[in-house]
Amino acid sequence: TGMVVWWKRRKRRQSRAAATATTAAAERRRPATTAEAPVRDDGGVVIDLTGHDRLPRHADHVDRLTELFVTRVGSQARVRVRGPVRLDAACQPEPDIALVRPGQYGDGHPEAADTLLVVEVSDATGDREVQLLLYALAGVPEVWIVDVAADMVEVFAGPRPSGWATIARHHPGEMLRPVGVDQAAFDVGELLGRPA
């Protein structure tokens with residue numbers, strides 16, 4: 001829990017610093033009048049309420065991976081896209097993709113024990129090490145980092161209190177199978193978006 005408290009404080013400090021640093025940039029990007037803002041078909045102005053600046057490239061990779069996982073895992077798991085996974089009372093990340101046990105989660109988000117795999121598309125954020133440690137501490141069995149820029153998928157398996165028992169780098173031509181989803185197999189090349 002000490003690590004979670006530290007992580008949350010760090011995120012708050014980073015958020016304050018980022019908000020201050022990006023205020024000027026946001027002012028420069030803001031249209032001079034509402035007429036210059038993107039306009040809907042009915043004449044209304046489009047307002048971005050997402051709260052983050054994810055690149056279209058990142059979103060495209062997540063969309064493509066979602067299609068792959070949905071078509072391959074079938075009824076063996078549910079595919080959650082940017083949905084919360086409850087690691088403990090204080091930590092509830094939203095991974096790019098999570099495979100969770102089949103079931104209904106209307107009364108509460110899936111917990112670490114329900115999670116079979118977490119998949120993150122690498123965007124070179126500095127918090128990746130902290131997130132990986134939190135997943136390991138919670139007992140998530142496996143995390144895949146799809147690193148398109150480095151042309152590989154890093155697989156973190158065997159969670160333990162000090163981190164991960166194994167960390168492996170896989171390249172196109174190698175096959176990966178998620179833990180607990182035996183019938184689904186993925187070529188690393190297709191995870192990276194390479195044409196077959």
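The values are calculated or read from the model by the stated rules, or taken from the named source; none is laboratory data. Treat the numbers as computed from the prediction; the structure is a model and nothing was measured. When we count neighbours, we look across all protein chains shown, and the Cβ atoms used for this are built from the backbone with ideal geometry, even at glycine. These area figures cover heavy atoms from the full protein model, side chains too; ligands, DNA and RNA do not enter into them. Shrake-Rupley method; radii C 1.70, N 1.55, O 1.52, S 1.80 Å.
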Original post:
Which of rounded, prolate, oblate describes region 119-196, given a ≥ b ≥ c as roots of the alpha-carbon gyration tensor eigenvalues and a/c under 1.5 marking rounded, otherwise prolate only if a/b is larger than b/c?
Top reply: oblate
Original post:
Residue separation times 0.36 nm, minus the C-alpha to C-alpha distance between Glu190 and Glu94: what's the value?
Top reply: 32.2 nm
Subject >> Relative contact order, percent, region 110-187 [alpha-carbon distance under 8 Å, six or more residues apart] >> reply: 25 percent
Original post:
So what is the accessible area of region 135-196 per residue, in Å², with the probe set to 1.4 Å?
Top reply: 48 Å²
Original post:
Karplus couplings for region 70-87 from phi (6.51 cos²θ - 1.76 cosθ + 1.60, θ = phi - 60°), rounded to Hz, Gly and Pro as x?
Top reply: 4, 6, 8, 7, x, 8, 6, 7, 9, 9, 10, 10, 6, x, x, 10, 8, 7
**OP:** May I ask you to give the percent of accessible area on region 145-196 that is carbon plus sulfur, with a probe radius of 1.4 Å?
**Re:** 53 percent
Original post:
Once a ≥ b ≥ c are taken as the square roots of the eigenvalues of the Cα gyration tensor of region 67-196, is the result rounded (a/c under 1.5), prolate (a/b larger than b/c) or oblate (a/b not larger than b/c)?
Top reply: oblate
Original post:
Counting only protein heavy atoms and using a 1.4 Å probe, what share of the accessible area of region 48-120 belongs to carbon plus sulfur, as a whole percent?
Top reply: 49 percent
**OP:** Positive end of the charge dipole of region 124-196 (Lys, Arg +1 and Asp, Glu -1 on Cβ, about the Cα centre): tell me which of Pro141, Val155, Gly189 has its Cα farthest that way.
**Re:** Pro141
